[in-house]
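What follows is a single structure, written as structure tokens, with notes after it.
Nothing in this text is a laboratory measurement; each read-out follows from the coordinates by a stated rule. Only a predicted model underlies this, so the values are computations on that prediction, with no experimental measurement involved. For neighbour counting, all protein chains shown are included, and Cβ atoms are generated from backbone atoms with ideal geometry for every residue, glycine included.
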Amino acid sequence: MEYAKINGLEKKVSRFFMGTLGMFPSDKEKHFATLDAAYDLGITAIDTARAYDSEPTVGEWIKTRGIRENIVLLSKGAHPTDYRERVTPYDIDSDLFETLAELQTDYLDIYLLHRDNTALPVGPIVEKLNEHQAAGRIKIFGGSNWTHQRLDEANEYAYAHNLTPMTVSSPNFCLAEQVQNPFAPGCVTISGNANKEAQEWYTKNQMPVLAYSSLARGFFSGRVTREMFANHPDDIDMFCRIGYCCEENFVRLDRCKEIAEEKGCTVPQVAMAYVLDSPLNTFPVIGAANRAEMESSFGALDVKLTPQEVLYLELKSDTRK
């Protein structure tokens, strides 16, 4: 495992965050085994959220193992409902206190707002996050699915008012371009040639990017093919099918296979290496179900792509040499 520094945190941070979506308390022993494997393999960073219903599982696992000070614990709050937007100072208070109780801790290393509401002024949001930081409830904070323009706006407000800015972000980032948003409304991607401006902003600022769906919802898992999409589309994960199944991405998949064969690795490792080798300051969030899948993901750390191979994968060049 590789580790990196995130400004504002004293703990070492593993290059991979362990995602906990679906780790419901009803099957906690199974999920404890998955988390044990992740920790044993060197993952020190855990990604959860109020909306995942996995905080009780994560909290009990950390407490029973006695490893709170070894874990970089991230949670997200203020997720909207079907009825209303919830990125408000009131909802931040409500969700954060519930999160701390469910996780059985008195602080979070990283706190992210799970969505944005651009109809609201950003100032009160930044002030509220600073209030919780000053109280010791969160170490650093940022946005999940916030555009880089809105992050800029928030930080300009912070600097103008002598407040702490947002210092971490969690958008979708992967090799594939989205055909359409396969996730919930308000999700933000910085993937693909169409989002060059966002990528340049993150490269310049080096704000840590906690990249979710870094294998394009399984498009680069090695299981999805053109033939499957043409003949048995229902066999493909719905979010993957809606979001990523298009000819341009199948060409990227073909090129991943070529490079994988040449380097003696797997297709997922090439796609993950693309994220890791990016000029952005990336920390992929993985949702591996078992130890073998985790070990496979970590193998991407040993796969190094040349600049020409990156251009080839991005469909900016017709040759990888």
Task: Taking only Cα atoms of the stretch 185-286, radius of gyration then Dmax in Å - done: 14.3, 44
Task: Tilt relative to the chain, helix 123-134 - C-alpha long axis, 0 to 90 degrees, to 10 - done: 80
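Report, as a whole number in µm² per second, the diffusion coefficient that Stokes-Einstein gives for the chain at 25 °C and 0.890 mPa s using the Kirkwood radius over alpha carbon pairs. Let's see the in-between values first.
Details: Rh = 20.2 Å.
Taking Rh from Cα pairs, D becomes 122 µm²/s.
For the peptides 304-310, 241-247, 141-147, 220-226, what is the packing order when you average, over each peptide's residues, the other Cβ atoms within 10 Å and list the highest mean first?
Details: 304-310: 15.0, 241-247: 20.1, 141-147: 24.0, 220-226: 18.3.
Ranking the peptides 304-310, 241-247, 141-147, 220-226 by packing returns 141-147, 241-247, 220-226, 304-310.
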TODO: With label points built 7 Å along Cα→Cβ from the Cα atoms of Glu293 and Glu10, find their separation and express it in nm.
DONE: 3.5
Open item on the list: Applying a 10 Å radius around every beta-carbon, put 47-54, 161-168 in order of their mean neighbour count, most first.
Closed with: 47-54, 161-168
TODO: Order these peptides, 205-218, 19-32, by their mean beta-carbon neighbour count within 10 angstrom, highest first.
DONE: 205-218, 19-32
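Based solely on its DSSP helices, what 222 nm [θ] is calculated for the chain when runs of n ≥ 4 H residues each add -39,500 (n - 2.57) and the sum is averaged over all residues, nearest 500 deg cm²/dmol?
It comes out at -12000 deg cm²/dmol, rounded to the nearest 500.
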Open item on the list: Around Gln180, under 13 Å between beta carbons, what's the net of Lys plus Arg minus Asp minus Glu among the other residues?
Closed with: +1
Open item on the list: How far apart, in nanometres, would the label points at Asp82 and Ile67 be if each is projected 7 angstrom from Cα along the Cα-to-Cβ direction?
Closed with: 3.8
Open item on the list: Let's see if you can work this out: charge +1 on each Lys and Arg Cβ, -1 on each Asp and Glu Cβ, no other charges. What is the dipole magnitude of the stretch 111-165 about its Cα centre, in debye to the nearest 20?
Closed with: 240
- [ ] Compute the relative contact order of the chain as a whole-number percentage, counting only Cα pairs closer than 8 Å that sit 6 or more residues apart in sequence.
- [x] 16
Task: Where the Cα pairs of the stretch 1-102 fall when distances are cut into 5 Å bins, in % - done: 2, 12, 22, 22, 19, 13, 7, 3, 0
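Just add up the charged neighbours of Val13: K/R +1, D/E -1, any other residue whose Cβ is under 9 Å from the Cβ of Val13.
Charge balance near Val13 sits at +3.
Distances longer than 15 Å among the Cα atoms of the stretch 214-253: what percent of all pairs is that?
24
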Task: Base-10 log of normalised Debye intensity for the stretch 3-44 (one unit scatterer per alpha-carbon) at q = 0.13, 0.16, 0.28, 0.30 Å⁻¹ - done: -0.35, -0.50, -0.95, -1.01
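Using a Förster radius of 41 Å, what is the FRET efficiency between Thr319 and Leu21 based on their Cβ-Cβ separation? Nearest 0.05, please. Don't skip to the end; give the middle numbers.
Details: r = 39 Å, r/R0 = 0.94.
So the FRET efficiency works out to roughly 0.60.
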- [ ] Provide the gained length on full extension for the span Asn162 to Val179, in nm with one decimal, where the gain is 0.36 nm per separating residue minus the Cα-Cα distance.
- [x] 2.0 nm
